[in-house]
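The values are calculated or read from the model by the stated rules, or taken from the named source; none is laboratory data. No experiment lies behind these values; they were computed from the predicted model shown. So basically every Cβ, Gly included, is an ideal-geometry build from the backbone, and we count neighbours across all protein chains shown.
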Amino acid sequence: MAEGGPRVLVVDDERAIRRLLRTSLAAFGCTVFEAADGHGALHQVTAHRPDVVILDLGLPDMDGVQVLTQIRSWSSIPVIVLSVRDEEPTKVAALDAGADDYLSKPFGVDELMARIRVVLRRSVSSATEPVFQNGGITVDLGRRFVAVDGREVALTPTEYDLLLVFVRHAGKVLTHRQLLTQVWGVAYQTETQLLRVNISNLRRKLEPNPARPVYLITEPGVGYRLRLV
Amino acid sequence: MERSRPNPDELLDMVEAEDRQAKRGRLKIFLGYAAGVGKTYAMLEAARERQAEGADVLVAYVETHGRAETERLLEGLEILPRRTVEYRGTMLADLDLDGVLRRAPQLALVDELAHTNVLGSRHPKRYQDVQELLDAGIDVYTTLNIQHLESYNDVVAQITGVRVRETVPDLVIDRTTIVELVDLPPDELRQRLVEGKVYVPDQAAQAVERFFRVGNLTALREMAMRKAAQQVDVQMLAYMQSRAIPGPWPAGERLLVAVSPSPLSARLIRAAKRMADEMKAEWQALFVETPATANRPELRERALANLALAERLGARVHHVSSGSVEEALVDHARRQNVTKIVAGRPVRPRWRELVRGSLVDRIIRISGGIDVYVIGSGEPSEAAPSVPARPSPPLRRFLYSLPPVVLATLIGWPLSDRIEPTNLVMLYLAAVVVAAVYLGRGPAILSAFLSVLAFDFFMVPPRFTMAVSDTQYLATFAGLFIVGLVVSSLAARVREQAKAARSRELQTSELYELSRELAGAAGVEAITRVIQSHIRRVMSGETVVLLRDGQGLRPAAGSGGLDEDEHAVATWAFEHGQPAGRGTDTLPGASLLYLPLRSSREVVGVLGVEVAESAAPISAAERRVPEAIATLAALALERTDLATAANQLELLRATEALQSALLSSISHELRTPLASVAGVLSTLRAELGKGPASQLDEAARAELVETAWQEADELNRSVGNLLDMTRLESGAFRIVPETMDVEDLAGSALTALDARIGSREVTIDLPLDLPPVQADSVLMVHVLVNVLDNALAYSPHGSPLLLSARQERDEVHLSISDRGMGIPPSDLERVFDKFYRVTRTEASAGIDPKGGLGLGLAISRGIMQAHGGRIWAENRPGGGTTVKLILPSARHTDRVEA
């Protein structure tokens, strides 16, 4: 496979999952490293300098969120967290600790690849381009201009700031806390009312049908995501 | 009556005896005829032998009286410390019964069977302790002197002039008891006495000397030997019966002894016991309650005490009411096949015998083929307590005896000229009879007296004088007197019998009433209530009903509890299946009498009733009423138990049926998708490496893979639902409420179902001013997904869905409607049951209902309820189903302006 394929570190204590990911990701052109526990993961991250880490939260030796926090203490390498269903508080904790995205088991490998591509693209083009284009939405960052299907939409300053955060992390899940902190500041971390109302308003202005949003997706119990279409 | 084989009853007795024997300990009594013959010594020797054979021997209580040779024998035996009890300032050491039971040796040595326990012990007598040890399966060696045996008590007292107070009922020696005679020639015993080797409790030397006369000792020795020999006989008989050895069977003698309130009755009872023993006959005791005793509680009490003595001596006791002692006695004897009646020589004044004949005479006259034994009375051993005179009738009655006489005079006066005075007497006779019948004996005599006066004064010439001119009228006076007496006593007897019959009848009807009420009582609480109110009515006392609870007892529903001490007494009665507490031999210090509630199979509980405090144990006859109540109660409780058990069994069966249905449903729903996935994978694996030779084209391959993917998704959902259901039922769902826009909820649910909805038209009708709701976002989206998923599955492809919401006061009402097959009205509720799926009907043509476990709506309802909301289904006008959800709206509906 191509030398330029992404280098992926898979951290999971389940041999079956590691085998599946090793085979499938290799088929998508990735170079795959493996670790079965938290210490192995930390060692591999320093040893092989992967481009992205797929991290299972349930590890035998240490908590997945702990592993993530340690990695984040010296590296901004993209991390995608794997978890089983109904562990929303854990997902939120992982995202707040710096995870770039999460995926619930069972998952499709194509879905995982899509997430990998999103985080990789973001990490290479961190210098934001002046104009963001996603589906019918156009955001001209330089001119603070927003249009849907070519028609300009008038946003309040707060709505624009909120949208800007989504644009900067396009495709990535943002927790309530992250959004509140970035738009309103640390003091507003728990003011989910503000967020709920502004998201609702943004949807009315951007979505073709606010009741069936295509761009601003709610991740129940976790946060919101600007879906790339 | 000759028998060559044991009859079935005897066999049954034998089986039961052996059955009990298997668990019960064996009793060995070292029987002596006086103190100092070496009983304790012999017992210790025998125990040492047993220990040498490997038995686990415990010295529970042995009194050596400081004799060195005896004490030496104690060496090497385990000795249980005695229990010390403080009694009136002195410390008394006694047998530690619970200690022995805890230690549970194979063999326990308990000296002096006739010992009376320290006040406050569990049982008043040591032999009762021994019974408990035997019941616990512990063998017991004990010692006993012959004069302490109840039936020998009188005889010994007569021979020696010393009455022993501590007696042991004969019942203690049953046919499994081994009696070992410890013998010593009287000369040697006297020698030992002289040497000071015999321990004699503080008795005057003179009394000791009198007791230990050679003549006395010889007589006592003979009695002890006879008792020991008799016991061997009994055991031999039992052995022969059990082996059906034809032999000199007892002729089936049955003795009946009449019990009366007389102080001599006790002597008669002991004599009957000895006779029965010698004849190896079964014996019974009968108390005939006559109107005379029924009306006089003190007589009745004494008779019942005598009856209780007979019971302790091993008699079967009976208690009947009748006006005639002899008739009741003979009648009972006939019915019970009694061969011999034992009666006492009368002690009444001779003149009464001459008038009425003695009771014995009357019995003999009607006894027919039954032998009648008459036992001499001897000197009364104790003075009969003086009996208070019959209570005199109220003065009023004497006044009432006047009017009949006046009336007779008024009627007779005008006629006296025409009718002979002799015939006028008839009027007075009528007056006397009236007084006798209605007013009793005293007034009748008064009436007779007044009649004679009035007759003489008004009717007999010369009138208005009391002079009797003609001696013939003396006969008239006598006649009036006698008629008055006879009629009044007959009438009194009839009245009293009727009263006795009424009280019996009352008891019977009370019991009938109780059984009727119990039959109607459903449940333990109702039964308890019935018993309590019944006892309150009949015995006017407090009642406690305790029921078995595992190994112990607990107060029944509706019954009060007991303090710790009383509870222990009740527990004893429960564990031993015998009455305990006040009025019994066991723990008589308790405040209630505890009767075991014995059903046909086991003891189900204990009934505690309040009985009058009395020093002596109350007899079986007096326990009759409470025992009858206890029996009825036990049966009623057993019936309830059985009904409950039957219900539980039914429930269990239903549950098992449901569970097996669930298991098969679950296994079907999990295996089907798994089978598809495995099938697809096996096909693809078989095609591996075939390259161009593969039979599968790209499209077929894609279809296979798509199938497997969908089925895996289905499997994931089923497992998720099962997990959710489990969490819901175990209460592991934690609701984390947050304020949510309904629009956001709907959007999230629809997004999750994007793939399933596909091109289906979903209309969303939400008012702009709809307030947000307070809900756990994850769970609420889950509910909406489940409901929407059902709507999609049970409506035709391409038919539209409608999701709408309205505000109603503080609630938000959500509706999800389809144009599908609808739900049969009878199933509108049941669709929310676990594992329930609407059966496919004709109306479902064109619909391809999804599989699944039928858990989605059940989970949704659980989540809604946890939110304080509601969910239900309705049939939609125009066809289809509407599922409605109600959620509380968030309190603050503030819309932040940006």
Item to complete: Kindly check whether there is at least one residue in the range A:84-91 that is assigned to a loop (DSSP other than H, G, I, E, B) and over 17 Å from A:Asp12 (Cβ atoms).
Response: yes
Worksheet item: Hey, A:Glu111 hits all of (1) surrounded by 17 or more Cβ atoms within 10 Å (Cβ to Cβ); (2) not in a loop (DSSP other than H, G, I, E, B) but one; which does it fall short on?
Response: (1)
Worksheet item: Taking the range A:128-156, which residues are loosely packed, with under 10 Cβ neighbours inside 10 Å and within 14 Å of chain B (Cβ to nearest Cβ)?
Response: A:Ala154
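Yes or no, residue by residue, for (1) more than 14 Å from B:Glu874 (Cβ to Cβ); (2) surrounded by fewer than 20 Cβ atoms within 10 Å (Cβ to Cβ):
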residue	(1), (2)
B:Leu784	yes, no
B:Leu788	yes, no
B:Ser804	no, yes
B:Gln807	yes, yes
B:Asp810	yes, yes
B:His813	no, yes
B:Gly820	no, no
B:Pro825	no, yes
Item to complete: Check the range B:645-663 and report whether any residue there is surrounded by 16 or more Cβ atoms within 10 Å (Cβ to Cβ), away from chain A (no Cβ under 14 Å) and in contact (Cβ under 8 Å) with a residue 24 or more places away in the chain.
Response: no
Response to the item:
Over the range B:802-828, the set of residues closer than 21 Å to B:Gly854 by Cα and within 14 Å of chain A (Cβ to nearest Cβ) is B:Ile816
Worksheet, complete the sentence: Going through (1) buried (at least 19 other Cβ atoms within 10 Å of the Cβ); (2) charged (D, E, K, R); (3) under 25 Å from B:Arg502 (Cβ atoms) one by one, B:Glu311 fails only at (3)
Worksheet item: From the residues in the range B:686-704 that are hydrophobic (A, V, I, L, M, F, W, C) and surrounded by 14 or more Cβ atoms within 10 Å (Cβ to Cβ), which one is farthest from the other protein chains (Cβ to nearest Cβ)?
Response: B:Leu696
Worksheet item: If you scan the range A:39-69, which residues turn out to be more than 17 Å from the chain's Cα centre (by Cα) and of a type in the set (Ser, Thr, Tyr)?
Response: A:Thr46
Worksheet item: When the residues of the range B:749-769 are filtered to those that are under 13 Å from A:Asn209 (Cα atoms) and of a type in the set (S, T, N, Q), which remaining residue is nearest to the other protein chains (Cβ to nearest Cβ)?
Response: B:Thr751
Worksheet item: Has the range A:198-208 got any residue that is outside the structural domain of A:Ala94 (by TED's automatic domain parsing), crowded, with 16+ Cβ neighbours inside 10 Å and closer than 20 Å to A:Leu95 by Cβ?
Response: yes
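Given the residues B:Leu309, B:Leu286, B:Leu329, B:Leu313, which is the only one that is modelled with pLDDT of 80 or more, closer than 22 Å to B:Leu149 by Cβ and not charged (D, E, K, R)? Write out each step before concluding.
Working: B:Leu286 fails: closer than 22 Å to B:Leu149 by Cβ; B:Leu329 fails: closer than 22 Å to B:Leu149 by Cβ; B:Leu313 fails: modelled with pLDDT of 80 or more.
After ruling out the rest, the residue left standing is B:Leu309.
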Discussion item. Six or more apart or on different chains, Cβ atoms under 9 Å: show the pairs whose first residue is in the range A:92-110 and within 14 Å of chain B (Cβ to nearest Cβ) and whose second is of a type in the set (Phe, Trp, Tyr) and part of a helix (DSSP H, G or I).
Written reply: A:Gly108/B:Trp709
Worksheet item: What number of residues within the range B:33-52 are over 23 Å from B:Glu195 (Cα atoms) and of a type in the set (Phe, Trp, Tyr)?
Response: 0
Response to the item:
Across the range A:201-228, the tally of residues that are at the interface with chain B (Cβ under 8 Å from one of its Cβ atoms) and more than 21 Å from the chain's Cα centre (by Cα) stands at 5
Worksheet item: Is there a residue being more than 9 Å from chain B (Cβ to nearest Cβ), buried (at least 17 other Cβ atoms within 10 Å of the Cβ), touching a strand residue (DSSP E or B) at 6+ places or on another chain (Cβ under 6 Å) and in a loop (DSSP other than H, G, I, E, B) anywhere in the range A:162-174?
Response: yes
Response to the item:
In the set A:Arg72, A:Arg49, the lone residue that is at negative phi and basic (Lys, Arg) is A:Arg72
Practice prompt. Could you list all residues from the range B:839-878 that are at pLDDT 85 or above and more than 30 Å from B:Gly731 (Cα to Cα)?
Written response: B:Asn875, B:Arg876, B:Pro877, B:Gly878
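Please find, among A:Ala47, A:Ala36, A:Ala41, the residue that is buried (at least 20 other Cβ atoms within 10 Å of the Cβ), at pLDDT 90 or above and either over 21 Å from A:Leu112 (Cα atoms) or in the same structural domain as A:Lys91 (by TED's automatic domain parsing) (or both).
Only one candidate passes the filter, namely A:Ala41.
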Worksheet item: In the range B:781-796, is there at least one residue being more than 14 Å from chain A (Cβ to nearest Cβ), in contact with a Leu (Cβ under 8 Å, 6 or more places away or on another chain) and of a type in the set (Gly, Ala, Ser)?
Response: yes
Response to the item:
Taking the range B:710-731 and keeping only residues that are at pLDDT 85 or above, within 12 Å of chain A (Cβ to nearest Cβ) and touching a helix residue (DSSP H, G or I) at 6+ places or on another chain (Cβ under 7 Å), one is left with B:Ala712, B:Leu715
Practice prompt. Collect the residues in the range A:41-88 that are touching a residue at least 24 places away in the same chain (Cβ under 8 Å) and within 14 Å of another protein chain (Cβ to nearest Cβ), keeping them in residue-number order.
Written response: A:Ser83, A:Val84, A:Glu87, A:Glu88
Worksheet item: Quick one: in the range B:278-308, which of the residues that are among the hydrophobic types (A, V, I, L, M, F, W, C) and not in a helix (DSSP H, G or I) is nearest to B:Ala500 (Cα to Cα)?
Response: B:Val288
Worksheet item: Only one of (1) within 60 Å of the chain's Cα centre (by Cα); (2) part of a loop (DSSP other than H, G, I, E, B); (3) more than 12 Å from chain A (Cβ to nearest Cβ); (4) not hydrophobic (A, V, I, L, M, F, W, C) is not met by B:Arg734, so which one is it?
Response: (3)
Worksheet item: Among A:Arg7, A:Arg72, A:Arg18, which is the only one that is within 19 Å of the chain's Cα centre (by Cα), more than 15 Å from A:Ala99 (Cα to Cα) and surrounded by fewer than 22 Cβ atoms within 10 Å (Cβ to Cβ)?
Response: A:Arg7
Item to complete: State the number of residues belonging to the range A:181-200 that are more than 13 Å from chain B (Cβ to nearest Cβ), not in a loop (DSSP other than H, G, I, E, B) and not polar (S, T, N, Q).
Response: 2
